[in-house]
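One structure is given below, encoded as structure tokens.
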Amino acid sequence: MGSSTATTLATTSFLGRISLLGDFSGAAVTETGNTAQGYLATTGAIPTPTGNVSVGAVAALTGVVSLSIPVVATAETASVVELQTVTGGALAGDSGNGLYLADVGVGTAGQKAVAAGSTFVGTYGTLTANPNGTYSYVETKAGLTVGQTYDDHFTTTVASSSGGATSSTLDIQVVGSGTGTAGRDTIVGGAGTETITGLGGADSLISGTGQDTFVYTSVADSAASAHDTITGFKAGDIIDLAQVDPNFHIVSAFDHHANELVITNDGNGAWDIYGDTTGSGTPNFMIHLAGATTTINASDFHI
């Protein structure tokens, strides 16, 4: 094609790659679409135009000239509470033709190819990813400080079916939770004023530097046979038993009456709180305090 010859390529829309074949000595390549797009010249000495622009005359070009939509990826983030699950899309906001999630790496480690259901074990949980970009992340690390944020960092490679790829990231922000599970949990109080609820199981609850409230919702939250331990209980902390038995009252010893609460200590910061909700004379509820820095009395309870 000589310099006096013009070739027009008309399209209403397209995704992917346009190839111009032949001798383009002295020719000009013009893009006149209605919407600004970015294109990359993958062969030949054609500058990279963006939008509705013309590429000036090409001096002496023969062969194949390919213009293709580049792959543009944005960093992805999501947040999840400790021991919970979050789902999302690693390609959200990305642009290009036929995008797919090609590779994933954990932290600074090398990347691995993504197949359907591929799993990647991070610092705080496990990421399950698919080539279409969908993923789920299950936070598995317990004992995080309540209210504190932790980052599980993954690197990704986003690729196009028409060629080309780019690097991106997926960061999962994990927030330490003050609420446990039905099993045995460790919950660590932070610097704020926090509510800590261990729920079932023999939990380890650690008071933070702020004024914490330890909430019990039922006898099963700290049964005498599988009781909680609160470490570092201090002045200003509260043990909330209103949902266990709103009629609890403190006595020196059980007297076969329901709603009785007995408090004992060894003089070295260890205290035991026993509750009898049925009047059997035997405690069916118990909390152990280790390393308490205050004398335990009625003012430390909300009933």
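Listed values, structure above:
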read-out	value
Share of carbon and sulfur in the accessible heavy-atom surface of the range 94-162 [1.4 Å probe, %]	52 percent
Global form of the range 206-249, assessed from the alpha-carbon gyration tensor, a/c cut-off 1.5	oblate
Ordering of 172-181, 185-194 by burial proxy (mean other Cβ atoms within 10 Å per residue, highest first)	172-181, 185-194
Mean shadow area of the range 158-303 over all directions, Cα convex hull, nm²	11.7 nm²
Label-to-label distance, nm, for residues given as SER136 and ALA115 (7 Å Cα→Cβ offset)	2.0 nm
Fraction of accessible area attributable to carbon and sulfur, the range 215-279 (%, probe 1.4 Å)	51 percent
Full-stretch length increase - ALA270, HIS288 - with 0.36 nm per residue and alpha-carbon distance subtracted	5.7 nm
Segment SER167-THR186, length gained on full extension (0.36 nm per residue, minus Cα span)	3.1 nm
For the range 83-238, accessible area per residue (1.4 Å probe, heavy atoms of protein chains only), Å²	40 Å²
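The values are calculated or read from the model by the stated rules, or taken from the named source; none is laboratory data. Keep in mind that what you see is a predicted model, and the values were worked out from it rather than measured. For neighbour counting, all protein chains shown are included, and Cβ atoms are generated from backbone atoms with ideal geometry for every residue, glycine included. Accessible surface is based on the protein model in full, side chains and every heavy atom, while ligands, DNA and RNA are left aside. Shrake-Rupley method; radii C 1.70, N 1.55, O 1.52, S 1.80 Å.
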